[in-house]
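Take a look at the structure below.
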Amino acid sequence: LFCASGGRERYLRWHYRSRHEALIAVSNAEFYNHRLVIFPSAGTNPQATGLKFHHLPDAVYDRGKTRTNLQEARAIAQAGNAHAENHPDLSLGVVAFSVAQRDLIQMEVEKLRRQNNALEEFMTKLNAKEPFFVKNLENVQGDERDVILISIGYGRDEHGRIAKDFGPINRSGGERRLNVLITRAKLSMEVFCNFRAEDLDFDATAKQGAHDLKSFLQYAEKRNLPTTKRPADPTDS
């Protein structure tokens with residue numbers, strides 16, 4: 001209605017959240033044609049370490065039964081435990097691609113919580129503006145934390161095969177869900193996965209979200225941005 005009334009449109013270019021360019025680089029390339037600008041001070045914070053990739057080749061996705069990745073869930077829980085001990089002043093969020101993986105991570109975190117007072121204190125901070133959370137991909141919109149840990153969960157099974165099924169990412173509009181996820185962190189983001197981007201080979205029938213996931217994993221590990229461009233969609237946010 002606003003546009004139909006002759007209202008002037010302007011593209012919002014400033015990305016206020018990220019304090020390190022690596023945290024917005026993939027979204028900027030894939031969704032906004034490099035039009036987003038982060039604040040000039042971004043990256044000067046010594047705790048703004050950007051994006052990090054953790055390859056877990058021994059982790060197995062239990063595709064036929066639980067549809068979870070136990071080793072990856074434990075690695076995430078251990079990373080959360082280390083965060084509570086070393087950076088209790090920074091807020092933390094964990095996001096899994098599926099509900100099943102989210103629940104498993106929560107279970108593993110609870111196990112460590114009973115063993116570590118630092119983690120217990122971190123998770124029960126009173127009046128915390130940004131409390132610790134474990135969520136699935138579809139429930140993380142609107143959240144932001146200093147540090148975000150991502151569990152892909154899906155991936156290589158016990159036979160060494162990758163089914164290329166990544167839950168909501170494979171559905172229509174999955175690229176928007178991915179864009180929301182990978183722009184939640186203010187200082188750093190760590191991705192845990194049992195395969196590499198080079199292990200994925202999609203054909204023309206694959207959803208855009210799957211292609212964007214490959215670009216994201218490639219950048220997370222090797223800092224190579226995708227070379228192809230597509231029209232920016234202002235509704236991707």
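The values are calculated or read from the model by the stated rules, or taken from the named source; none is laboratory data. Quick caveat: nothing in here was measured; it's all calculated off a predicted structure. Positions of Cβ are generated from backbone atoms using ideal geometry, with glycine treated the same way; all protein chains shown enter the neighbour counts. Side chains included, ligands, DNA and RNA excluded: accessible areas come from the protein's heavy atoms. Shrake-Rupley method; radii C 1.70, N 1.55, O 1.52, S 1.80 Å.
The range 172-229 and the range 1-64 have their alpha-carbon centroids 12 Å apart.
For the chain, hydrophobic long helices are taken as DSSP H runs at least 20 Å long by C-alpha position along their axis with mean Kyte-Doolittle hydropathy of -0.5 or more; these are 99-113. Total lysine pairs in the chain at Cα distances under 17 Å, for residues eight or more apart or on different chains: 10.
About its Cα centre, the dipole of the range 1-133 is roughly 420 debye, where the only charges are +1 on Lys and Arg Cβ and -1 on Asp and Glu Cβ. Heavy-atom surface analysis with a 1.4 Å probe gives the chain a carbon and sulfur content of 47 percent of its accessible area. For the chain, the mean residue ellipticity at 222 nm estimated from helices alone is -9000 deg cm²/dmol, where every DSSP H run of n ≥ 4 contributes -39500 (n - 2.57) and the total is divided by all residues, rounded to the nearest 500.
Backbone geometry of the range 11-18 corresponds, through the Karplus equation with coefficients 6.51, -1.76 and 1.60 at θ = phi - 60°, to 3J(HN,Hα) couplings of 8, 7, 9, 6, 9, 7, 6, 5 Hz, x marking Gly and Pro. Between amide H atoms placed 1.01 Å from N, distances below 5 Å from I38 occur with H15, all of them 5 or more places distant or on a separate chain. If a spin label sat at a point 7 angstrom from the Cα of T205 along the line to its beta carbon, no backbone N atom of the range 160-189 would be nearer than 12 Å. Over the chain, accessible surface divided per residue gives 52 Å², non-protein components excluded, 1.4 Å probe. Rounded to the nearest 20 debye, the dipole magnitude of the range 77-212 is 280 debye, with +1 charges on Lys and Arg beta carbons, -1 on Asp and Glu beta carbons, and the Cα centre as origin. What you get for the chain, charging only the Cβ of Lys and Arg (+1) and of Asp and Glu (-1), is a dipole of about 520 debye around the Cα centre.
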